[in-house]
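The structure appears right after this line, and notes come after that.
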Amino acid sequence: MKRVRTRFAPSPTGFMHVGNLRTGLYAYLFAKQHQGDFIVRVEDTDMERFVPGAVEVIYQTLKESGIVVDEGPNEGGNYGPYVQSERKPIYIEYAKQLVEKGAAYYCFCDKERLDTLSDEKGIKKYDKHCLHLSKAEVDAKLALHIPFVIRQNMPLEGVSSFDDLVFGHVAIENKELEDQVLIKSDGMPTYNFANVVDDHLMEISHVIRGNEYLSSTPKYNLLYEAFGWDIPQYMHLTPIMKDETRKLSKRYGDANFDDFVKKGYLPEAIINYIALLGWSPKENREKFSMQELIEKFSIAGLSKSSGIFDEMKMKWLNGEYIKELDFEAFMKKATPFFEKSSIKGLYDDRKFGKLLQSRIEIFSEIPEKVNFIVSFDPIDPTLYENKKLKIDIPLAKRIVKASLEILNHLEAWNEEALHSAVGAIATQLEAKTGQVYTVLRVALTGVLVTPGGSVEMADILGRDESLLRLQKSLQWLV
């Protein structure tokens, strides 16, 4: 059996759209599941869209995602170069072979003539005008350096068909196929030609790509047949949608992998989520490690319907990953976000970290979750009596007053000692322990909701700040 070899062929346009990343992920999972090779090939034939440093972005994204490259621009291999702009002479050579076979021809038509070929609906289709030039006419134009492209000579009759691993049998009448450009006027190949030549020369066994190429695949197969090459197996993927009518668009900055990482998503959570946007595992579960994805991935699970990108769902999944992190790993990820918060240099972010690890879904929530503790103002006393707290003002005042007396004489200031103090306050006032905890938390922070209880807040604030805030709150409780 032919060794499985898949390729990921991104364009170096500056960032990694999650739709592109999912294509690369599926190609990687399929190759590794079959003990095959995963190749990265940079498709930079569209030089106008090339962004310096974009190849580094591609590699950084794959590294963060846990996708290991077997062959590529950085790794090398027996089938390089792995950057299309470095393979230009190869494409010219094979295009000329097609011309000799009659499967392609030189086209010298200028833009003005091409613009006249639109039909009443504005649809452009080349009319094979230059196909009828004699060899002498072609040679004369080449000698005069008249600009040209090389076009594929499509048959006018018959049907081209193939079997896709996802969509099944696909057939298109040849008369619908235009004589597409293979070599552009600048000597660079089009994607349509370069990917066929490269996939053959790199011995790609399975081509995995978006279904926007489904209708173009017969054109590619005619090229394979013209050369006498084996045709790879195809796996076309449905797009990831922004909603029911709009696709996620790299052009408009939708769903950029790097942006999600900067917002505080874990790469492994992003990978896990996008794996499920177009593929359904057999068992009813949603959390998978990379190794589990390799083991469970199946063509049968690929959907013919588009998946809708739901960031709230990905956020929830990310929260599950955060909960399972070792605390030191959590703090390593969390520290840059604590550095952006107002508690920087004022309070112990590790103490806050212990409270927040189970309470956040993305790391960028951290500043908002902790900023409350810096600016303190006692709350309106009537809020103690609201439906949520249900504590009358006289009781709240007694609790705060007793807390000042007992906490002021506390020898050790730590969570264990503070819990004991709360018990002593409740006993002294014949109040419920829960009421004491609640009043203390509100009196210490000036807010109704905090990521931790009164003891945790007092421990973070420290003795002096805690006693000062209790004193201020007592003055308001009149």
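The values are calculated or read from the model by the stated rules, or taken from the named source; none is laboratory data. Bear in mind the structure is a predicted one, so any value in this text is a computation, not a measurement. When we count neighbours, we look across all protein chains shown, and the Cβ atoms used for this are built from the backbone with ideal geometry, even at glycine. The area values use the complete protein model at the heavy-atom level, side chains included, leaving out ligands, DNA and RNA. Shrake-Rupley method; radii C 1.70, N 1.55, O 1.52, S 1.80 Å.
Tell me, what is the per residue accessible area of the range 284-329 in Å², probe radius 1.4 Å?
56
Between beta-carbons, use under 13 Å as the cut-off and find the net charge around Ser215, counting Lys and Arg +1, Asp and Glu -1.
-3
Roughly speaking, what % of Cα-Cα pairs in the range 27-107 are separated by over 22 Å, rounded to a whole number?
Cα-Cα pairs in the range 27-107 separated by more than 22 Å: 42 percent.
Grab the alpha carbons of the range 126-270, take their convex hull, and tell me the volume per residue in Å³.
Taking only Cα atoms, the range 126-270 has a hull volume of 187 Å³ per residue.
Quote to one decimal, in nm, the extra length available between Glu295 and Thr433 on full extension: 0.36 nm per residue of separation minus the C-alpha distance between them.
Here the answer is 44.5 nm.
Evaluate the relative contact order of the range 383-478 (contact order divided by residue number), counting alpha-carbon pairs under 8 angstrom at least 6 apart; express in whole percent.
Here the relative contact order equals 33 percent.
Once the piece of chain linking Ile90 and Val447 is laid out straight, how much longer is it, given 0.36 nm per residue of separation minus the C-alpha distance between them?
121.6 nm is the gain from fully extending Ile90 to Val447.
Out of the range 25-131, which chymotrypsin sites (Phe, Trp or Tyr not before Pro) are coil in DSSP terms and have no more than 16 other C-beta atoms within 10 Å?
Sparse-neighbourhood loop chymotrypsin sites (Phe, Trp or Tyr not before Pro): Phe50.
Please work out the Cα center distance from the range 435-478 to the range 1-79, rounded to the nearest Å.
The range 435-478 and the range 1-79 have Cα centres spaced 54 Å from each other.
Starting from the Cα gyration tensor of the range 86-137, multiply each eigenvalue by 5, take the square root, and state the resulting semi-axes largest first in whole Å.
26, 15, 10
With every protein chain kept in place and ligands, DNA and RNA left out, what is the accessible area per residue of the range 368-423? Probe 1.4 Å, answer in Å².
On a per-residue basis, 58 Å².
Note down the magnitude of the dipole of the chain about its Cα centre, charges +1 on Lys and Arg C-beta and -1 on Asp and Glu C-beta and zero elsewhere, to the nearest 20 debye.
880
Which lysines, on any chain, are close to Lys282 with Cα under 18 Å apart, when same-chain ones fewer than 8 places away are left out?
Within the straight-line limit of under 18 Å, Lys282 reaches these lysines: Lys296, Lys304.
Please work through the chain and write down the cysteines that have no neighbouring cysteine Cβ at a distance under 4.7 Å.
Cys109 - these cysteines have no disulfide-compatible partner (Cβ-Cβ under 4.7 Å) in the chain.
Taking amide hydrogens as modeled 1.01 Å from N in the peptide plane, which residues meet the under 5 Å criterion relative to Leu237, leaving out close sequence neighbours?
Result for Leu237 returns Arg209, Gly210, Asn211.
Just to be sure I understand the model, the point goes 7 Å from the Cα along the line to the Cβ. What's the resulting His34 to Val83 distance in nm?
Each label point lies 7 Å from its Cα, and together they span 3.0 nm.
Would you mind calculating the gained length between Val68 and Lys390 on full extension (0.36 nm times residue separation, minus the Cα-Cα distance), in nm to one decimal?
Extending this stretch completely gives an extra 110.2 nm.
Of all the accessible heavy-atom surface of the range 14-136, with the other protein chains kept in place and a 1.4 Å probe, what percent is carbon and sulfur?
Accessible surface attributable to carbon and sulfur in the range 14-136 totals 51 percent.
Sequence gap at least 6, Cα distance under 8 Å: using those rules, report the relative contact order of the chain to the nearest whole percent.
12
What share of the DSSP beta bridges in the chain is antiparallel, in percent to the nearest 5?
If I count the DSSP bridges inside the chain, around 55 percent turn out antiparallel.
Can you work out the accessible area per residue across the range 46-160, with the rest of the protein chains kept in place, probe 1.4 Å, in square angstrom?
I get 61 Å² per residue for the range 46-160.
Just need the relative contact order of the range 130-219 here, percent rounded to a whole number, with Cα pairs under 8 Å and 6+ apart.
Relative contact order, the range 130-219: 25 percent.
How much of the accessible area of the range 329-478, probe 1.4 Å, is carbon plus sulfur, in whole percent?
52
For the range 1-51, what is the Kirkwood estimate of the hydrodynamic radius, computed as the reciprocal of the mean inverse distance between distinct Cα atoms, to one decimal in Å?
Radius from the Kirkwood sum: 11.8 Å.
Give the whole-number value, in cubic angstrom per residue, of the convex hull volume spanned by the C-alpha atoms of the range 310-397.
Given the Cα convex hull of the range 310-397, per-residue volume reads 141 Å³.
With label points built 7 Å along Cα→Cβ from the Cα atoms of Ser342 and Trp413, find their separation and express it in nm.
So the label points at Ser342 and Trp413 sit 2.1 nm apart.
Under 22 Å Cα to Cα from Lys128, which lysines show up? Leave out anything in the same chain fewer than 8 places away.
List returned: Lys96, Lys101, Lys111, Lys141, Lys175, Lys184, Lys219.
Kindly provide the Kirkwood hydrodynamic radius of the range 58-185 in Å, to one decimal, from all pairs of distinct alpha carbon atoms.
Evaluated over the range 58-185, this radius sits at 18.1 Å.
Search the structure for amide H atoms under 5 Å from the amide H of Asp164, placed 1.01 Å from N in the peptide plane, and list their residues when 5 or more places away or on another chain.
Residues meeting the criterion, in which the H sits 1.01 Å from N, are His169, Val170.
List every residue whose amide H lies under 5 Å from the amide H of Ala104, counting only residues 5 or more places away in sequence or on a different chain, with H placed 1.01 Å from N in the peptide plane.
Close amide H contacts, sequence-distant or interchain: Val99, Asn153.
Once the principal axes of the Cα atoms of the range 184-298 are found, what is the range along each, listed largest first in whole angstroms?
Between the extreme Cα coordinates on each principal axis of the range 184-298 lie 47, 34, 27 Å.
Show me the trypsin sites (Lys or Arg not before Pro) within the range 302-401 that DSSP assigns to loop and that have at most 16 other Cβ atoms within 10 Å of their Cβ.
Lys304, Lys340, Lys344, Arg359, Lys387, Lys388, Lys390
Which loop-located chymotrypsin sites (Phe, Trp or Tyr not before Pro) does the range 174-249 contain, where loop means any DSSP state but H, G, I, E or B and the Cβ has at most 16 other Cβ atoms within 10 Å?
Here the sparse-neighbourhood loop sites are Trp229.
From the phi of every residue in the range 86-97, what ³J(HN,Hα) in whole Hz does the Karplus formula 6.51 cos²θ - 1.76 cosθ + 1.60 yield, where θ is phi - 60° and glycine or proline is x?
For the range 86-97, the Karplus curve yields 8, 10, 3, x, 5, 5, 4, 4, 6, 5, 5, 4 Hz.
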